[in-house]
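Participant: Attaching a single structure in structure tokens format; questions to follow.
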Amino acid sequence: MPTVINTNLASLFAQNSLTNAQNNLAQSVQRLSSGLRINSAKDDAAGLAISQLMQSNINGVNQSIRNLSDATNVLQVADTALSSIQDMLLRMKQLSVQGYDGLLSTAQMANIQTEVSELRDEINATAKRTTFNDVNLLSGNRAVDASVSDVVSGALLITEEIEDAATPGDIGFSTAENITFGDSNADVTWINSADANSDLYQNLQGSYILTSQSGSGLLTLNKLDEDGIYIDSQTLSVADIAGNNSAVTLETKYLNFDKFGLQLNIAAEIAIGEGTGTGTDIADALNTKTIEIAGQSARITNIDIGDARSGTFTFTETATPGDLQLEHTYLDGFGTLQTDTQVLTLRDDYFGAGMTATINFDRLGVRLELYNHQANSATDIAQAIEALENLADPDASGDTGQLLITAGNGSRSLGFQSGANSSSYITVNTLDINTESASSNSAIKALGGAVGTLENLTSSSDVGAWQTAYQSLDSAVDDAINYLSQERAIFGAQMNRVGYISTNLTAQSTNLQASRSSIIDTDFASETAKLTKGQIMQQAATAMLAQANQMPNVVLSLLK
């Protein structure tokens, strides 16, 4: 190696070694202080990706364990209530056998019936108050077919036909939609530029006429009243559409008459070499064109059936204009089809423009809310609602007899995720053991019917009728006890299943955390050894750098 001054290679080597030693030492200090082997992606990019996926699975599994704890609690609440109800059924069994005693008088049998009725009422009360997080577990949860989102999209149209419209929703000309300007053609369509649910758009109904000042390129949209008198207008300037000498020109021009919430679309086609379609030509071609718009009078914004009993609700026609009749069909406790009807007389002043109206069938527990974009009469509203084929699904095909709502079967499935992925879940079904519910199990309904038969008897009734009624009750109680035993067996099996799943998930979480730890956590035994090495290397490199910096001093001896 030559003896030089300007470039001290030994010092450079020592500096590089010192830098590496310091970097390694800093990394060891960072890992030991944080307890993590991977503190940033540069430490181990692949390991970081794997560990984050594992952490996602760990979080999902741990939350599933908590979800399953809720499932266990739900099942225990339901099973405890069923146990109390079975105790009442067992007492009812004892009373039914006692009531068949031939030595009892009809008055004594009636006294027994009083306790039977009280037990039936308490069974229903227990079913209704057995809830978990406001979810009814034993009194049915109606799975209603209608919801707000279902009906808002199916607006209630008093006059839903739009004259000469090419497709539903278009606003068409009362004359041909194709126009000719110069030597070119254009198709004109109309769309709403305002919000479809705004009053501006809904009040577009009426007659309009387009006029132009010849040769000016100005186009005016005029709104007419019922007598054809101009009541408002808006004027726009129509720009030119330039043609092309080498290809057909296709262009859409938009004329936005925002004062009325209308936008005129001009889909123009100019042949090769036809030059420019001037705005004057377009405006003059539209001169005297008329438009008829039906508009939208009102729409149903909400259907509330929170207090409605299970069953089917339909609107039926009445002979009196302005009357709206809702019919409720359901099965009573004896399994017999029953019909209940409520008629409301609507008032015109309820349906003014810009008003929200409520049609409340309070006795049936059904309430409709409407918003009136235009003023409507009670007769129009009633007839429009009666004409709807399916209010729960306005787009349903076929005549469904104006079906409003069909309540569900009285049960509800509660899903609980049982793993890190959404595809892993367990379902717990709620029950309906209310003897008054049309959607409850047949054995429960039969029990309610048997108690009802007893209640219809009096102390003057024949002893044989009483004994027959108690005999029927005895059979119904046995069926109800068997049904509840089957459901409790299902709940018990599900509780055991949930326990096994929780145990498995706990072990899975532990194993995943162990695997993640091996990737991301610091091995302190190994890292402290690296720290010691790094400290020694830093000290050695510092010492050698000092020695290397002194080496150029040798040159001084040569200069003496």
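The values are calculated or read from the model by the stated rules, or taken from the named source; none is laboratory data. These numbers come from a predicted model, not from an experiment. A quick note on method: Cβ atoms are made from the backbone with ideal geometry, for glycine too, and the neighbour counts reach across all protein chains shown. Ligands, DNA and RNA are stripped out before the accessible areas are found, and what is left, the full protein with its side chains, is counted by its heavy atoms. Shrake-Rupley method; radii C 1.70, N 1.55, O 1.52, S 1.80 Å.
Participant: What area, in nm² and to one decimal, does the C-alpha convex hull of region 461-560 cast on average over all directions? Show your work: numbers first, answer last.
Facilitator: Details: hull surface 51.8 nm².
Computed as one quarter of the Cα hull surface, the answer is 13.0 nm².
Participant: By average Cβ neighbour count within 10 Å, what is the ranking of 101-108, 8-15 from highest down?
Facilitator: Details: 101-108: 11.6, 8-15: 15.8.
Order by mean packing, descending: 8-15, 101-108.
Participant: If amide hydrogens are placed 1.01 Å from N in the peptide plane, which non-local residues have theirs closer than 5 Å to the one on Leu414?
Facilitator: Here the answer is Val428, Asn429, Thr430, since their amide H atoms fall under 5 Å of that of Leu414.
Participant: For region 501-560, restrict the atom set to alpha-carbon positions and state the Rg and Dmax in Å.
Facilitator: 26.1, 90
Participant: Nearest 0.05, what FRET efficiency do Leu559 and Ala26 give at R0 = 45 Å with Cβ-Cβ as r?
Facilitator: On the way: r = 42 Å, r/R0 = 0.93.
That gives a FRET efficiency of 0.60.
Participant: To continue, here is another question. Full extension from Thr542 to Gln486: what is 0.36 nm times the residue separation minus their Cα-Cα distance, to one decimal in nm?
Facilitator: On the way: separation 56, 0.36 × 56 = 20.16 nm, distance 8.21 nm.
Stretched out fully, the Thr542 to Gln486 stretch lengthens by 12.0 nm.
Participant: Nearest 0.05, what FRET efficiency do Ser56 and Thr427 give at R0 = 22 Å with Cβ-Cβ as r? Don't skip to the answer; put the middle values down first.
Facilitator: On the way: r = 24 Å, r/R0 = 1.11.
It comes out at approximately 0.35.
Participant: Using a 1.4 angstrom probe with every protein chain in place, what is the largest-first accessible-area order of Phe524, Phe260? The partial results should precede the final answer.
Facilitator: Numbers: Phe524 100, Phe260 15 Å².
Ranked from most to least accessible, the order is Phe524, Phe260.
Participant: Going highest first, how would you order 447-458, 223-234 by mean Cβ packing within 10 Å?
Facilitator: Values: 447-458: 19.6, 223-234: 12.2.
Highest-to-lowest ranking by the protection proxy: 447-458, 223-234.
Participant: Please find the FRET efficiency linking Asp478 to Ala319, where r is the Cβ-Cβ separation and R0 is fixed at 45 Å, and quote it to the nearest 0.05.
Facilitator: Working: r = 50 Å, r/R0 = 1.12.
The calculated FRET efficiency here is 0.35.
Participant: From Cα coordinates alone, what are the radius of gyration and Dmax values for region 33-142 in angstrom?
Facilitator: Computed over the Cα atoms of region 33-142, radius of gyration and Dmax are 28.3, 93 Å.
Participant: How large is ³J(HN,Hα) for each residue in region 223-240, as worked out from phi by the Karplus curve 6.51 cos²θ - 1.76 cosθ + 1.60 (θ = phi - 60°), to whole Hz, x for Gly and Pro?
Facilitator: 9, 10, 8, 4, 9, x, 8, 5, 10, 6, 7, 8, 10, 10, 9, 9, 7, 6
Participant: Another question, if that's okay. Per residue of region 339-352, what does 6.51 cos²θ - 1.76 cosθ + 1.60 with θ = phi - 60° give for ³J(HN,Hα)? Whole Hz please, x for Gly and Pro, Karplus curve as stated.
Facilitator: Per-residue couplings from phi come out as 10, 10, 10, 10, 10, 10, 9, 7, 10, 4, 6, 6, 10, x Hz.
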